[in-house]
Amino acid sequence: MRKNWWKILCVGLLIYVILAAFLMNAPRLNILNETIRNLHFHVTMWFGMVILLTTSMVQAIKYLRTGKIEHDDKSLEMANAGILFGILGIVTGAIWANYTWGEPWSGDPKQNAAAICLLIYFAYLVLRNSMKDDQQKARVSAVYNIFAFAAMIPLLFILPRLSPNSLHPGNGGNPGFNAYDLDSKLRVIFYPAVIGWTLLGVWLASLKVRQRQIQRALED
Amino acid sequence: MERNGDLKDSSFAIPVIPSESTLVALHLYLSLWGMKGAQIAVLIKKELLSEWRQRYAINGMILYLASTIFVCYMSFGLKAGAIEPLTWNALFWIIILFTAVNSVAKSFIQESKGRALYFYTIASPAEIIISKIIYNAVLLLILSLVGFGIYSLVMSRGGDHSSFDYTYFILALCLGSTGLAASLTMISSIASKAENSTSLMAILSFPVILPLILMVIKLSKNAMDGLERSASTDELVVLVAINAIIVAVSYLLFPYLWRS
């Protein structure tokens, strides 16, 4: 029980988030209207993705330092969970954009950056599959993981801020989160949602890691 | 064509080798970073030498560049009229990108196993990657300058020509080829470890290179339009930062690749 407290926390938070996101009062805003509820699903996916991919990169560094294969398992599964969150983020974003910006894909710098980010991690998976030897696979893909992460930072955090024509809030003269959230009601749901979804991603990854370890034990 | 023992050969007097003073300058610069500049200079020499021995390779790259440019020229039907400066610029960088992927790919993928092993026994991994990056950067800079020459000769473009800022355009070429060289060298060493490395090279490198290419396209577009130079400061800073990140990360990570 002591080891599993975070899973209970995760389920509790997500039940609260889903109920609250759909049922609580949403601020009345032009254009956005009720779609602001998507904040707790779409934006949190990106927070979760960045956290999971960062963990994946940290595990890759740990693997290179120690050479223990379980770090590689963790690195791969964290990346897989991050990719899942990325896809969900793009889909929820496209649905939201369809109702607020008028079309699912409007070539917004952040949309493009997200798509490129996914391309990088798909390439990571292809790279893994093109090698047979386990240790070599782990080492080379750890190197690419760290390299790609370093190249992704300017993509996700710097480039969208430099371009003047982003439709996302907080860019190019658009008001940020603060302006939409006058009474901080959204924050009460938003921050627990970030924690809840991220914990769910970690949970998913840890199950897959255990599955891999069992498989490896059976093979040996 | 391939001969081991190049490094101990004293007959380095081949026209393409940079003069002694440049090598000394390079040495001093690199020893500031606490590395064996002499080793790196020797390794760069080795790259240049093997390039000179296979002259068809560099000639091949120049021809590749020229024929790609000609394909673009013919398919746009440019005899009839000019293309927009925006398209002109983007097309130029796409051509450079493909040339770069093809020419840098050979730095690890096409290197023979025996020779690679020999160099690995006499030099440290950090020296190898730094020398390869420097060599590839010089190679790409030459290729992109030649490419720029041919491209601006045949591809006519609309818009105002008088305000073209050549200094900044060439600065963009320098920064672009350094960044491309650094990231592609690293990616080619990653791809060379896997099967099917030629297509992997493109899959792995394109998304990683995109931020760099976008910045460089912006910078060179500003130069083409002859904007105030202060307008490009943001792009310059980001480009230098991206280059620094890529070189630093390659320098740190290459030793792990090299072990396998």
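Where does each of A:Arg139, A:Arg210, A:Arg37 land when they are ranked from fewest to most other beta-carbon atoms within 10 angstrom? List each step's numbers first, then the result.
Values: A:Arg139 22, A:Arg210 12, A:Arg37 19.
Listing A:Arg139, A:Arg210, A:Arg37 from fewest to most nearby Cβ atoms yields A:Arg210, A:Arg37, A:Arg139.
What average count of beta carbons from other chains do you get within 10 Å of the Cβ of residues in A:138-149? Mind showing how you got there, number by number?
Values: counts 0, 5, 9, 3, 3, 13, 10, 1, 4, 14, 6, 1.
Whole-number average of other-chain Cβ neighbours for A:138-149 is 6.
Return, for the Cα atoms of the stretch A:56-155, the radius of gyration and Dmax in Å, separated by a comma.
Final numbers for Rg and Dmax: 15.7, 50 Å.
Based on the Cβ-Cβ distance of A:Leu19 and B:Arg53, what FRET efficiency does E = 1/(1 + (r/R0)^6) give at R0 = 60 Å, to the nearest 0.05? Mind dumping the intermediate values first?
On the way: r = 72 Å, r/R0 = 1.20.
That pair, A:Leu19 with B:Arg53, gives E of 0.25.
Between A:Leu207 and B:Cys174, take the C-beta separation as r, use R0 = 51 Å, and let me know the FRET efficiency to the nearest 0.05. Present the calculation step by step, with values, prior to reporting the outcome.
Values: r = 50 Å, r/R0 = 0.97.
Efficiency, from the Cβ-Cβ distance: 0.55.
So how much slack lies between B:Val240 and B:Phe164, counting 0.36 nm per residue of separation and subtracting their Cα-Cα distance, in nm? Provide the component values of the computation, followed by the final result.
Working: separation 76, 0.36 × 76 = 27.36 nm, distance 2.24 nm.
Result for the pair: 25.1 nm of gain on full extension.
For the cross-link pairs A:Lys74/A:Lys185; A:Lys62/B:Lys45; A:Lys208/B:Lys218; A:Lys74/B:Lys45; B:Lys132/B:Lys218, which exceed 31 Å when the distance is taken from alpha carbon to alpha carbon? Can you show the working numbers first?
On the way: A:Lys74/A:Lys185 36 Å; A:Lys62/B:Lys45 36 Å; A:Lys208/B:Lys218 43 Å; A:Lys74/B:Lys45 42 Å; B:Lys132/B:Lys218 28 Å.
Beyond 31 Å between Cα atoms: A:Lys74/A:Lys185; A:Lys62/B:Lys45; A:Lys208/B:Lys218; A:Lys74/B:Lys45.
Starting from the 7 Å offset along Cα-to-Cβ, what nm value, one decimal, do you get for the label separation of A:Ser106 and A:Gln136?
4.9 nm
With just the Cα atoms of the stretch B:149-260, tell me how far they stretch along each of the three principal axes, in Å, largest first.
Computed over the Cα atoms, the extents are 54, 30, 19 Å.
Report the calculated FRET efficiency for A:Glu34 and A:Ile87 (r = Cβ-Cβ distance, R0 = 35 Å), to the nearest 0.05. Show your work: numbers first, answer last.
On the way: r = 24 Å, r/R0 = 0.69.
It comes to 0.90.
Can you sort A:His40, A:His168, A:His71, B:His161 from fewest to most other Cβ atoms within 10 Å of each residue's own Cβ?
Numbers: A:His40 24, A:His168 17, A:His71 20, B:His161 12.
With the fewest neighbours first, A:His40, A:His168, A:His71, B:His161 line up as B:His161, A:His168, A:His71, A:His40.
How do A:Tyr121, A:Tyr191 rank when sorted from fewest to most other Cβ atoms within 10 Å of their own Cβ?
Numbers: A:Tyr121 22, A:Tyr191 15.
Neighbour counts put them in this order, fewest first: A:Tyr191, A:Tyr121.
From the phi of every residue in the stretch B:213-227, what ³J(HN,Hα) in whole Hz does the Karplus formula 6.51 cos²θ - 1.76 cosθ + 1.60 yield, where θ is phi - 60° and glycine or proline is x?
Per residue, the Karplus-derived 3J(HN,Hα) values read 4, 4, 5, 5, 5, 5, 4, 6, 5, 4, 5, 5, 7, x, 5 Hz.
Values quoted throughout were computed directly from the atomic coordinates according to the rules given, and no laboratory measurement underlies them. Computed from a predicted model, the values in this text were never measured in an experiment. Glycine also receives a Cβ, built like all others from the backbone with ideal geometry; neighbour counts cover every protein chain displayed.
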